[in-house]
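Asks: What follows is a single structure, and I will ask about it in a moment.
Nothing in this text is a laboratory measurement; each read-out follows from the coordinates by a stated rule. For clarity, every value in this text was computed on a predicted model and none was experimentally measured. Every residue, glycine as well, gets a Cβ built from its backbone with ideal geometry; the counts of neighbours run over all protein chains shown.
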Amino acid sequence: MRILLRGGRVVSAGGVRASDVLLDGEIVAAVGENLSGEGARVVDCAGKLLFPGFIDGHTHFDLEVGGTITADDFATGSRAALRGGTTTVIDFAAPDKGEALRAGLDRWRGKAEGRCACDYGFHMTIDDWNEGISREIGEMAAEGIPSFKMYMTYPAMMIGEGDMYRALLRLKEAGGIAGVHCENDGVIRALTEDARARGALGPGSHPRTRPAPLEAEAVAHLLRLAQLADAPVIIVHLSARESLEEVRAARRRGQTVYVETCPHYLLLEDSVYDSPDFMEAAKYVCAPPIRRREDQEALWEALRSGEIHTVATDHCPFTTAQKRAGRYDFTKIPGGLPGVEHRGQLLYTHGVAAGRIGAEDMCRVLCENPARLYGCWPQKGVIAPGSDGDIVVWDPEARGTITAADQVQNVDYTPYEGWAVQGAAEQVYLRGILAVDRGAVLVENSGQFIKRGRNQL
């Protein structure tokens with residue numbers, strides 16, 4: 001089927017220009033002014049921005065955490081993603097401790113195949129290290145999974161420093177790259193023990209046991225290992241000004257460091273943990289925790305300057321019932337926030353419409369940079385002839401309010417309840433198919449696994 005999106009303005013990381021877009025089957029056939037609509041269904045896009053389909057490089061669907069499972073599986077989470085303009089998600093395939101990477105990948109493929117509404121890929125989690133896993137890294141990269149995740153906190157997920165160094169060397173050799181969760185686990189555990197000894201067991205202890213210096217210290221530690229290995233790395237969900245300073249120091253040394261942040265670190269303040277209402281505070285428990293206003297401003301400045309490459313969600317949702325498991329011990333509150341549905345609206349409202357960033361910057365961090373960094377450019381991340389027909393028809397004048405009652409993601413609250421937003425995905429096309437129309441998700445089980453190549457950023 002041929003579809004002509006007529007009269008809109010196409011957004012790229014290079015700017016915004018008036019253009020029609022012709023879709024032919026699954027791909028973009030042509031981009032330019034005054035394209036012929038002969039034989040095509042014509043869609044009037046006057047006054048609209050045409051973004052490439054957003055890419056969320058950090059989601060956690062159907063993930064077991066602390067004896068419970070995230071509220072969104074691949075079916076519900078991918079529908080929520082699509083509704084918000086995200087046409088590709090990259091989730092984390094996690095083997096159990098002692099398992100081969102292949103076992104984790106097979107399990108996650110089984111969760112996603114035939115159930116995902118949008119396109120998808122995987123990062124492989126490395127939570128153990130041996131010769132077998134070292135060999136498997138090359139196999140994973142050959143199968144289109146060139147990105148990997150390592151943790152510097154959570155003992156069940158951590159590997160030793162020597163093994164992390166060896167993993168970085170092997171990833172460099174195989175053309176892969178690691179995204180790393182950076183927090184100093186040993187000191188976090190010490191602070192947690194101290195809080196328990198004081199009887200400070202409410203949600204307010206969560207940010208106090210994971211302060212910003214422990215993120216910055218871990219970032220600095222990782223970057224020295226990466227320097228020794230001469231390997232690029234990604235700092236995932238960076239939240240703090242101090243961490244940015246460590247990244248800048250590494251870049252001055254000549255290192256290649258990529259940075260991801262999330263909407264909640266750009267928009268929420270640590271005062272959310274001060275509420276006397278348990279649930280009101282517990283719903284914001286995530287790692288790293290929400291930071292100070294000063295950190296927000298530092299992140300926005302880094303976003304404007306290009307020092308931050310991607311804005312992902314770290315979508316890891318739990319219901320209020322699940323969060324209440326930690327009613328008498330904050331360490332038992334499952335950590336994570338929902339966000340996959342509202343990322344585009346939040347970034348447009350508080351970034352573009354507020355004058356903090358331009359539409360081209362939004363495209364850079366939601367579309368182009370994730371596609372390049374995670375090896376699916378130019379299939380994804382751009383509106384150009386030959387690329388997948390993943391397009392968000394964005395209405396910049398739309399107005400609305402975020403509420404839990406009006407969301408697809410499978411959770412009974414939102415951190416942004418009652419927030420006014422400007423801009424919305426009026427239509428979303430997935431490989432040339434109209435997948436979302438004015439908030440209604442029209443497809444199910446349409447997602448395809450995306451085989452990715454090397455980092456191109």
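Asks: Quick one: divide the alpha-carbon radius of gyration of the stretch 1-43 by 2.2 N^0.38 Å and tell me what you get.
Replies: Cα Rg divided by the expected 2.2 N^0.38 Å: 1.11.
Asks: Could you compute the FRET efficiency for Leu169 and Asp96, with r as their C-beta to C-beta distance and R0 at 22 Å, rounded to 0.05?
Replies: It comes out at approximately 0.35.
Asks: A further question follows. If I stretch the segment between Glu301 and Thr403 completely, what's the gain in nm (0.36 nm per residue apart, minus their alpha carbon distance), one decimal?
Replies: Separation in residues times 0.36 nm, less the Cα-Cα distance, equals 33.9 nm.
Asks: Go ahead and collect, in residue order, the members of the stretch 290-330 whose backbone nitrogen is under 19 Å from a label point 7 Å along the Cα-Cβ direction of Met279.
Replies: Within reach of a label on Met279: 317-330.
Asks: Just to be sure I understand the model, the point goes 7 Å from the Cα along the line to the Cβ. What's the resulting Arg224 to Asn34 distance in nm?
Replies: Roughly 6.4 nm, to one decimal.
Asks: Once you have the Cα-Cα distance between Glu360 and Thr331, take 0.36 nm times their residue separation minus that, and quote the gain in nm to one decimal.
Replies: 6.4 nm
Asks: Order by neighbour count: Leu82, Leu222, Leu23, fewest other Cβ atoms within 10 Å first, most last.
Replies: If I rank by nearby Cβ atoms, fewest first, I get Leu222, Leu23, Leu82.
Asks: Now a separate question. Run the helix sum for the chain: -39,500 (n - 2.57) per DSSP H stretch of 4+ residues, divided by residue count, reported at 222 nm to the nearest 500 deg cm²/dmol.
Replies: -8500 deg cm²/dmol
Asks: Nearest 0.05, what FRET efficiency do Arg189 and Gln456 give at R0 = 30 Å with Cβ-Cβ as r?
Replies: Here the calculated transfer efficiency is 0.20.
Asks: Between Glu113 and Ala142, what is the label-to-label distance in nm when each label sits 7 Å out along the Cα-to-Cβ direction?
Replies: 1.9 nm
Asks: To make sure I understand, if each residue's beta carbon is the centre and we count other beta carbons within 10 Å, what order do Lys323, Lys172 fall in, fewest to most?
Replies: Sorted ascending by nearby Cβ count, the order is Lys172, Lys323.
Asks: Moving to a separate point now. What angle do you read, to the nearest 10 degrees and between 0 and 90, between the alpha-carbon axis of helix 293-305 and the longest principal axis of the chain?
Replies: The angle comes out near 50 degrees.
Asks: Can you list, largest first and rounded to whole Å, the semi-axes you get for the stretch 1-130 by taking the square root of 5 times each eigenvalue of its Cα gyration tensor?
Replies: Largest first, the stretch 1-130 gives 39, 14, 14 Å.
Asks: While we're on this one: Calculate, for Arg252 and Asp44, the FRET efficiency according to 1/(1 + (r/R0)^6) with r their C-beta to C-beta distance and R0 56 Å; round to the nearest 0.05.
Replies: Calculated value: 0.65.
Asks: In whole Hz and in residue order, list the ³J(HN,Hα) couplings for the stretch 380-395 that follow from phi through the Karplus curve 6.51 cos²θ - 1.76 cosθ + 1.60, θ = phi - 60°; x for Gly and Pro.
Replies: For the stretch 380-395, the Karplus curve yields 10, x, 8, 9, 8, x, x, 6, 4, x, 9, 9, 9, 8, 9, 8 Hz.
Asks: Do the alpha carbons of any pairs in Lys97/Lys451; Lys111/Lys172; Lys172/Lys380; Lys97/Lys149; Lys111/Lys451 sit beyond 21 Å of each other, and which pairs?
Replies: Lys97/Lys451; Lys111/Lys172; Lys172/Lys380
Asks: What is the chain's relative contact order, in percent, from Cα pairs under 8 angstrom and six or more apart in sequence?
Replies: 22 percent
Asks: Which part of the stretch 243-282 falls in the paramagnetic zone of Arg293, meaning amide N under 14 Å from the point 7 Å along Cα-to-beta-carbon?
Replies: It comes to 267-272, nothing else.
Asks: Return the distance in nm (one decimal) between the two label points of a simple spin-label model at Glu417 and Ala384, each offset 7 Å from Cα along Cα→Cβ.
Replies: About 4.5 nm, to one decimal.
Asks: Excluding residues fewer than 8 places away in the same chain, name every one of the lysines whose C-alpha is closer than 24 Å to that of Lys283.
Replies: Output for Lys283: Lys323, Lys332.
Asks: With only alpha-carbon pairs counted, each pair once and no self-pairs, how large is the Kirkwood hydrodynamic radius of the stretch 229-307 in angstroms?
Replies: Final number for the Kirkwood radius of the stretch 229-307 is 13.6 Å.
Asks: Any chance you could give the angle, 0 to 90 degrees and rounded to 10, that helix 185-198 forms with the longest Cα principal axis of the chain?
Replies: Computed tilt is about 60 degrees.
Asks: For the residues Asp230, Asp119, what sequence is obtained by ranking on other C-beta atoms within 10 Å, fewest first?
Replies: Ranking Asp230, Asp119 by Cβ neighbours within 10 Å, fewest first, gives Asp230, Asp119.
Asks: Nearest 10 degrees is fine. How inclined is helix 212-229 to the longest principal axis of the chain, computing both from alpha carbons?
Replies: 80 degrees
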